[in-house]
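Please read the structure below before turning to the comments.
The values are calculated or read from the model by the stated rules, or taken from the named source; none is laboratory data. Just so it is clear, the model here is predicted, and its values are computed rather than measured. Cβ placement follows ideal geometry from the backbone for every residue including glycine, while neighbour counts extend to all protein chains displayed.
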Amino acid sequence: MYKYLDKIDSPEDFRSLRIDELRTLCAEVRDYMVKCCAQSPGHLGSSLGAVELIVGYHYVFHTPEDKIVFDVGHQAYAHKILTGRREAFRRLRAQDGPSGFPKMSESPYDAFGAGHSSTSVSAALGLAEAARMQGLGYKVAALIGDGALTGGLAFEGLNNAGESNADILILLNDNNQSIDAPRGALHNYLLHLTTSRGYNRIKNNVWKALGEGRVRRGLQRSVRAIKSWFVKRSGGDFFESLGLRYFGPVDGNDIDQVVRALRRLRRMKGPRLLHCITVKGKGYAPAEADPVVWHAPGKFNPDTGDRIVSNYPADRYQDVFGEVLCQLCEADPRVVGVTPAMASGCGMTALERRHPERFFDVGIEEEHAVTFSAGLAAGGMRPFCNIYSAFSQRAYDQIIHDVALQNLPVVLCFDRAGLVGEDGATHHGIFDLAAYRSIPGAVVSAPRNERELKGLMYAALRYPGGPYIIRYPRGTGEGVEWKTAPAPDISVGRGEMLLDGSEVMVLALGPAVNRAVEAAAAFDGRVGVCDLRFLKPLDTALLDGILPRCREIVTVEDGCLSGGLYGAVCEYAQTKGAAVRIHGVGIPDRFIPHGRQADQRAACGLSTEKISDLLNNILK
């Protein structure tokens, strides 16, 4: 079907191609990527824009000996296709297919795993220094997008790289459409001059001859001043100030420009940055026209671009959150929303549209989002800060130091809690219950359905101070009415007995409560179910009524068993000296691979059938 791609199992298979043949290869990679992602959805737009950068790097550098580190991994699909995973790519993110992100255990070409943003420069710098210390000659590059560059960790890496003199190349994939691609002979001449072998040999010889004295330092200052004037016009002054040699911008979707620049930069040493202007969604008209939607479009018809829109059986939790937040804003002028660059994913676009003055998107900066929220709270506002559960791990210190210690009223809404499906281990929100339960003064809650989420948000607004955490899953709710129904009157630290039972009591949190009720209903009153609602503070009054009369307790949670609800109930039962056996159902002590959410839950014992099987065994 494809003239070149069908013959490629590794980068070695296309390093002999001419530039015009590489153009055809890039087009084939894009076509294949679109067709595969139409059936096995993933992060398409960013990868379409990065094809030439990836083909160019593998063409010029000797991978896998030379290393390329991807940021997040949204840009890495061409890399996977060209490094021995072409056929497997058809099953992208499926249980038996490749991960949607770079993964060291998956391929020797994946030099460093990714999934969260802004890590590439730090990881690549570590690889470069490891090579230097061991006398190894391999080259290292970091491919980072302009979005990931907003993250604080990226700046930390750039700052350290610039002063380290490490042999590291940073490829800045800039697909911001507000930045026009540079044109003109002067730009091309300057790029050729500053990356040419002759120029750099002369420069290095001059510096060496001048030694370390005042003359050299004065000349360096003069050169920097002149070069800075030119480089500023291309946006490079910031990078030069950090000690990185800046080159570009180049057209990152022109394979000829990319290859010429990389060939010159490969011969150079030290920290250097190549600024590449690309088009997100390049080569596929629907993705170019709407890069936001086509970042991760789901299934679609590759010929027409028509998306196969899912008909959700119920409202998604993120949409419930967004609507209730707007209601709270309209009821209380202190309420504001804060998101670290996940407005559409968390449902906060409704707030942005209806109350833009109360909406803050701070970029990919989870730590800043929390401390910024703490500052808002200190100033008298009531911030609702929405972060994906897995990404909240980055802000753990800020939640303790800036919110909890100062008892500030910040509501932390953790979307994508629990098992998330195809994004896999990097994105599962399974550590939040155990992590935040240990923080003094924190409230940790989980709704069992949409109406409960509404009630917990209203209760959070009334709470006087300290971090108030509401965590809820990716996907749809249970289909209960919540829009017209009033918010339940929820008291902090109070659960609810849903089914009474004579022999076994199931204590559950979050949507797992519903699966527990379904399983318990078949046991004719022998099994009861409690929705605890709060991991912290625990409803000890409810537990005090249960422990003396039930010989068996089952805890059910969509978080890690170590330190979560299971641990909390065991600890409390121990302090009471209760003669009860406690069984824990939750995420085992291992990382759960990517696949369907339903399969992941079943594998962890969280499906109705698995809970029922456990109850049967207990009651035998």
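Give the residues of the stretch 496-507 that are closer than 17 Å to SER612 by Cβ and in a loop (DSSP other than H, G, I, E, B), sorted by residue number.
Taking the stretch 496-507 and keeping what is closer than 17 Å to SER612 by Cβ, we get 498-499, 501, 503-507.
Selection gives GLY501, GLU503.
The set of residues in the stretch 378-401 that are touching a residue at least 40 places away in the same chain (Cβ under 8 Å), part of a helix (DSSP H, G or I) and small (Gly, Ala, Ser) comprises SER389, ALA390, SER392. When the stretch 460-484 is filtered for residues that are in contact with a helix residue (DSSP H, G or I) (Cβ under 9 Å, 6 or more places away or on another chain) and farther than 16 Å from PHE321 by Cβ, the ones remaining, listed by number, are GLY465, GLY466, PRO467, GLY479, GLU481.
Kindly indicate whether any position in the stretch 270-283 is more than 15 Å from LEU169 (Cβ to Cβ) and in contact with a Lys or Arg (Cβ under 8 Å, 6 or more places away or on another chain). Steps first, please.
Taking the stretch 270-283 first, the residues more than 15 Å from LEU169 (Cβ to Cβ) are 277-283.
Cutting the leftovers down to in contact with a Lys or Arg (Cβ under 8 Å, 6 or more places away or on another chain) gives us 282-283.
Yes, the stretch 270-283 contains at least one residue that is more than 15 Å from LEU169 (Cβ to Cβ) and in contact with a Lys or Arg (Cβ under 8 Å, 6 or more places away or on another chain).
Of the candidates LEU498, LEU509, LEU538, LEU532, the single residue that is in contact (Cβ under 8 Å) with a residue 24 or more places away in the chain, touching a Cys at 6+ places or on another chain (Cβ under 8 Å) and within 23 Å of LEU453 (Cα to Cα) is LEU498.
Can you tell me which residues in the stretch 457-495 are without any contact (Cβ under 8 Å) to a residue 24 or more places away in the chain and either touching a strand residue (DSSP E or B) at 6+ places or on another chain (Cβ under 7 Å) or assigned to a helix (DSSP H, G or I) (or both)? Can you show your working first?
Just the residues of the stretch 457-495 that are without any contact (Cβ under 8 Å) to a residue 24 or more places away in the chain, to begin with: 462, 484, 486.
Scanning the stretch 457-495 gives a single hit, ARG462.
Taking the criterion of being in a helix (DSSP H, G or I) and of a type in the set (Phe, Trp, Tyr), the residues of the stretch 282-336 that qualify are TRP294, TYR317, PHE321. Counting only residues that are buried (at least 16 other Cβ atoms within 10 Å of the Cβ), out of contact with any Phe, Trp or Tyr (no Cβ under 6 Å at 6 or more places or on another chain) and of a type in the set (D, E, K, R), the stretch 26-35 holds 2 of them. Residues that are closer than 26 Å to TRP294 by Cα and of a type in the set (Ser, Thr, Tyr) are absent from the stretch 355-371. Taking first residues from the stretch 128-156 that are in a loop (DSSP other than H, G, I, E, B) and partners that are aromatic (Phe, Trp, Tyr), the Cβ contacts under 8 Å between residues at least 6 apart in sequence or on separate chains come to LYS139/PHE61. Within the stretch 100-122, no residue that is not assigned by TED's automatic domain parsing to the domain that holds SER40 and surrounded by fewer than 24 Cβ atoms within 10 Å (Cβ to Cβ) sits with its Cβ atom under 7 Å from a residue that is part of a loop (DSSP other than H, G, I, E, B) and modelled with pLDDT of 95 or more at 6+ positions apart or across chains. On the basis of being at pLDDT 95 or above, over 29 Å from LEU376 (Cα atoms) and among the aromatic types (Phe, Trp, Tyr), does TYR317 make the cut? No; evaluated as a whole, the condition is false for this residue.
Against the list (1) loosely packed, with under 14 Cβ neighbours inside 10 Å; (2) at pLDDT 95 or above; (3) part of a helix (DSSP H, G or I), the condition TYR572 fails is (1).
Of all residues in the stretch 71-84, those being assigned to a loop (DSSP other than H, G, I, E, B) and either of a type in the set (Asp, Glu) or in contact with a Phe, Trp or Tyr (Cβ under 9 Å, 6 or more places away or on another chain) (or both) number 7. With the structure loaded, tell me whether ILE469 is assigned by TED's automatic domain parsing to the domain that holds ASP402 and not acidic (Asp, Glu) or whether it fails that test. Yes: the conditions hold for ILE469.
Does LYS454 meet the test of being in contact with an Asp or Glu (Cβ under 9 Å, 6 or more places away or on another chain), touching a residue at least 12 places away in the same chain (Cβ under 8 Å) and more than 21 Å from ASP432 (Cβ to Cβ)?
No: the conditions fail for LYS454.
Considering the stretch 239-273, the residues that are among the β-branched types (Val, Ile, Thr) and either in a helix (DSSP H, G or I) or not assigned by TED's automatic domain parsing to the domain that holds TYR59 (or both) include one that is surrounded by the fewest Cβ atoms within 10 Å (Cβ to Cβ), namely VAL259. If you check ILE470, ILE439 for being touching a Cys at 6+ places or on another chain (Cβ under 6 Å) and crowded, with 18+ Cβ neighbours inside 10 Å, only one passes: ILE470.
The set of residues in the stretch 140-159 being within 19 Å of GLN75 (Cβ to Cβ) and not hydrophobic (A, V, I, L, M, F, W, C) consists of GLY145, ASP146, GLY147, THR150, GLY151, GLY157. So, of the residues in the stretch 15-25 that are more than 32 Å from the chain's Cα centre (by Cα) and within 24 Å of PRO108 (Cβ to Cβ), which turns out to be surrounded by the fewest Cβ atoms within 10 Å (Cβ to Cβ)? Of everything passing the filter in the stretch 15-25, SER16 is surrounded by the fewest Cβ atoms within 10 Å (Cβ to Cβ).
Give the residues of the stretch 400-434 that are surrounded by fewer than 24 Cβ atoms within 10 Å (Cβ to Cβ), out of contact with any Cys (no Cβ under 9 Å at 6 or more places or on another chain) and of a type in the set (A, V, I, L, M), sorted by residue number.
The answer is ILE400, ALA404, LEU405, LEU408, ALA425.
Being at pLDDT below 95, among the hydrophobic types (A, V, I, L, M, F, W, C) and within 13 Å of ASP415 (Cβ to Cβ) is a property that does not hold for MET348.
Number of residues in the stretch 508-561 that are part of a strand (DSSP E or B) and under 34 Å from the mean Cα position of the chain (by Cα) equals 13.
Answer yes if at least one residue in the stretch 554-562 is buried (at least 18 other Cβ atoms within 10 Å of the Cβ) and in contact with a His (Cβ under 7 Å, 6 or more places away or on another chain), and no otherwise. Yes, there is a match, as at least one residue in the stretch 554-562 is buried (at least 18 other Cβ atoms within 10 Å of the Cβ) and in contact with a His (Cβ under 7 Å, 6 or more places away or on another chain). Residues of the stretch 593-604 being touching a helix residue (DSSP H, G or I) at 6+ places or on another chain (Cβ under 7 Å) and buried (at least 19 other Cβ atoms within 10 Å of the Cβ), which ones? Scanning the stretch 593-604 gives a single hit, HIS594.
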